[in-house]
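What follows is calculated from the coordinates using simple rules that are stated; it is not laboratory data. All values derive from a computational prediction rather than experimental measurement. Using ideal geometry, Cβ is built from the backbone for each residue, glycine included, and neighbour counts are taken over all protein chains shown.
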């Protein structure tokens, strides 16, 4: 297991290098940053001096070498918008994103697993059709639309919940509900299909024939063996919830990484965008590694 972890960590290095190359090239193709740093009345000579100071007159490969060297020292440059180091701006927003992602993921799992188990045990019944219909509907609704509908219902019509910002637990309800609907409805069909597949196995029928209670068969034998695909999709949702919920955080003005990325792209603050991309990439790879390790705990037959 230790050798596998070390190998996976070493594999992250070239992946991160590729990500930095792509990000660097996109940033360089997005325009001249001196137009943002200098006033409109700045002369061509002023712009040339600024480009020289920023190292923009160097060949592209030299610029990338400087960039990656600085990144290895935790320096993504200064934010044009905030006037402070870009990494500090990103790290300041991470707690809000982790709070929203953690609560949303917990609610999604607590909602999806019971619904999936219930749907599998009542296959083709009206209850199964309702759960499957809810799952299909939730996956088909765009997050921004769900968020706007929740704002109109709970914030405008009933006026029982705040619709923007971060403060009390009440501010967390609507953005969390928006993300939970989308995430839970992706997990429910995996739980249902996994349970149905395992329930057809011979050892499940043998366990039932021995008089073992349905609850014990369901949770000790069936559900545990159906968890692998559930863990996979849950791990894939972590980076989406932490940094990929761009629209949801923007709709609810939640001060996390998603809103920061949208605002930084709009302001052409590419140092912050680069830092966000690298941080989210690290979270993605770490969540995938964690999922692989959990597989071994769920199913001892899995070896690396």
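Distance from the C-alpha centroid of region 151-223 to that of region 121-148: 11 Å, rounded to the whole angstrom.
Build a GNM of the chain with springs between Cα atoms under 10 Å apart, and of 262, 277, 217 the one that fluctuates most is 217. When all alpha carbon pairs of region 251-303 are counted in 10 Å bins from zero, the resulting P(r) reads 22, 32, 22, 16, 8, 0 %. Once you have the Kirkwood Rh of region 85-189 from its Cα pairs, apply Stokes-Einstein at 10 °C and 1.306 mPa s and quote D in µm²/s. Result for D is 104 µm²/s. In angstrom, the C-alpha Rg and Dmax of region 130-242 are 18.8, 57.
Stretched out fully, how many nm does the piece from residue 157 to residue 41 gain, at 0.36 nm a residue minus the Cα gap? Write down the numbers at each step before the final one.
Details: separation 116, 0.36 × 116 = 41.76 nm, distance 4.90 nm.
Contour length minus Cα-Cα distance gives 36.9 nm.
As a length-normalised measure over Cα pairs under 8 Å and 6 or more apart, the relative contact order of region 1-159 settles at 9 percent. Which residues among region 7-45 fall inside the zone where the amide N is under 13 Å from a point 7 Å beyond the Cα of residue 288, along Cα→Cβ? Backbone N within reach: 8-19. For the chain, the longest principal axis of the alpha carbon atoms and the long axis of helix 86-121 meet at an angle near 20°.
Each residue, residue 177 and residue 196, gets one label point 7 Å from its Cα in the Cβ direction; the gap between the two is 3.0 nm. Over the chain, the reciprocal of the mean inverse Cα-Cα separation, the Kirkwood hydrodynamic radius, stands at 22.3 Å.
Return the ratio Rg/(2.2 N^0.38 Å) for region 86-146, where Rg is computed over Cα atoms only. With N residues counted in region 86-146, Rg over 2.2 N^0.38 Å equals 1.61.
Values of log10 I(q)/I(0) for region 2-72 across q = 0.26 Å⁻¹ run -1.17, by the Debye formula with one identical scatterer at each alpha carbon and no solvent. Considering helices alone, the calculated mean residue ellipticity of the chain at 222 nm is -23500 deg cm²/dmol, with DSSP H runs of length four and up weighted by -39500 (n - 2.57) and normalised per residue.
How much length, in nm to one decimal, is gained on full extension between residue 26 and residue 92, taken as 0.36 nm per residue of separation minus their Cα-Cα distance? Walk me through the intermediate numbers first.
Values: separation 66, 0.36 × 66 = 23.76 nm, distance 2.46 nm.
This chain segment gains 21.3 nm when fully extended.
Can you tell me how region 201-304 classifies by the Cα gyration tensor, rounded, prolate or oblate, using a/c under 1.5 as the rounded cut?
Details: a/c = 6.21, a/b = 2.73, b/c = 2.27.
Cα axes put region 201-304 in the prolate bin.
A simple spin-label model places pseudo-atoms 7 Å from Cα toward Cβ; at residue 60 and residue 253 they are separated by 4.1 nm.
On the basis of the beta-carbon distance and an R0 of 30 Å, residue 128 and residue 106 show a calculated FRET efficiency of 0.75.
Relative to the longest principal axis of the Cα atoms of the chain, the long axis of helix 257-266 makes an angle of roughly 40 degrees. Here is the size of region 8-49 from its Cα atoms: Rg then Dmax, 16.7, 52 Å. Dividing the mean sequence gap of close Cα pairs (under 8 Å, 6+ apart) by how many residues the chain holds gives a relative contact order of 25 percent.
For region 63-144, what's the relative contact order in percent, using C-alpha pairs closer than 8 Å and at least 6 residues apart? Answer for region 63-144 is 12 percent.
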